[in-house]
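J.: Dumping the structure here so I can ask a few things about it.
The values are calculated or read from the model by the stated rules, or taken from the named source; none is laboratory data. Just so it is clear, the structure is predicted and the values come from calculations on it, not from any experiment. All Cβ positions, even for glycine, are placed from backbone atoms using ideal geometry, and neighbour counts span all protein chains on display.
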Amino acid sequence: MADVKTSPAVEAGLTALAVSLRGVTKAYDNGVMALGPLDLAVRKGEFISLLGPSGCGKSTALRIIAELSAPSSGTVRVARHAGEAQPGHVQPGHGIGFVFQEPTLMPWTSVRENVRLPLRLAGVPKAEARARADEALASVGLADFADAYPRELSGGMKMRVSLARALVTDPDILLMDEPFAALDEITRFRLNNDLLALWRALGKTVIFVTHSVFESVYLSQRVVVMTARPGRIQADIRIETVEPRGEEFRTSAAYSDYCRKVSAALAPSYSGQSTL
């Protein structure tokens with residue numbers, strides 16, 4: 001039986017950690033071992049990427065952290081805010097915001113109402129929820145589209161709405177599962193820049209799943225390279241560069257060097273020759 005614990009950040013040993021996975025595995029009923037054993041520690045305010053081949057358990061790891069799936073074994077600790085929840089009030093949420101691969105917006109209602117949904121489900125008063133939804137939309141550059149419908153938006157704008165919906169509860173931890181994979185390169189670059197700006201401004205802990213070496217190096221403080229299934233950590237590479245990052249980093253020699261280093265660490269996962 002897995003030992004799954006959530007606790008305030010002040011709990012002993014967790015002062016600086018947002019997420020800690022120790023010996024975490026995931027086996028499905030059909031016998032497939034999807035993940036682990038996985039050991040991962042993410043510090044508060046850190047931006048990391050999980051990079052690896054399809055089916056290596058990246059998304060499974062996110063779902064376990066978010067308590068959308070239970071691990072088969074191991075220990076999961078997620079730092080939460082202390083304090084009692086008050087009726088009709090969302091604390092920095094459940095502590096976690098989740099941005100999925102698809103925007104999954106409700107087509108029959110406005111952008112504002114899509115963003116307001118988590119607050120409405122939590123019983124937040126309508127006026128407060130509307131104000132907070134508008135604030136979240138402004139933070140992702142969509143203040144002028146609050147009354148629009150999803151069908152009127154581009155793919156990039158829909159993903160911004162999804163991000164605003166994840167941010168509206170003011171979570172401490174933001175989990176992002178390949179949110180930009182289906183977008184064109186220009187839109188993806190722009191959203192990468194906007195995401196970095198939001199991360200710097202809001203101080204969230206971000207765990208970002210991607211298949212792109214280039215995206216992982218550009219965004220992350222650490223790139224965690226995973227093996228083929230069952231997913232384990234192949235390499236944990238720190239990206240050290242001048243902040244804030246911008247297009248000058250994307251075209252720099254340092255960026256190219258890091259991309260080569262990450263690609264080399266990833267190669268065994270595709271060849272089936274893990275170095276573990």
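J.: State all residues of the stretch 43-67 that are part of a strand (DSSP E or B), surrounded by fewer than 23 Cβ atoms within 10 Å (Cβ to Cβ) and within 13 Å of the chain's Cα centre (by Cα); if no residue qualifies, say none.
T.: 47
J.: Among 225, 242, which is buried (at least 17 other Cβ atoms within 10 Å of the Cβ) and β-branched (Val, Ile, Thr)?
T.: When all the criteria are applied, what remains is 225.
J.: Report, by residue number, each residue of the stretch 24-59 that is at pLDDT below 95, closer than 28 Å to residue 239 by Cβ and β-branched (Val, Ile, Thr).
T.: none
J.: Of the conditions (1) touching a strand residue (DSSP E or B) at 6+ places or on another chain (Cβ under 6 Å); (2) assigned to a helix (DSSP H, G or I), residue 201 fails just one. Which one is it?
T.: Condition not satisfied by residue 201: (1).
J.: Might you check whether a residue that is in contact with a Gly (Cβ under 8 Å, 6 or more places away or on another chain) and surrounded by 15 or more Cβ atoms within 10 Å (Cβ to Cβ) occurs anywhere in the stretch 256-266?
T.: Yes, there is a match, as at least one residue in the stretch 256-266 is in contact with a Gly (Cβ under 8 Å, 6 or more places away or on another chain) and surrounded by 15 or more Cβ atoms within 10 Å (Cβ to Cβ).
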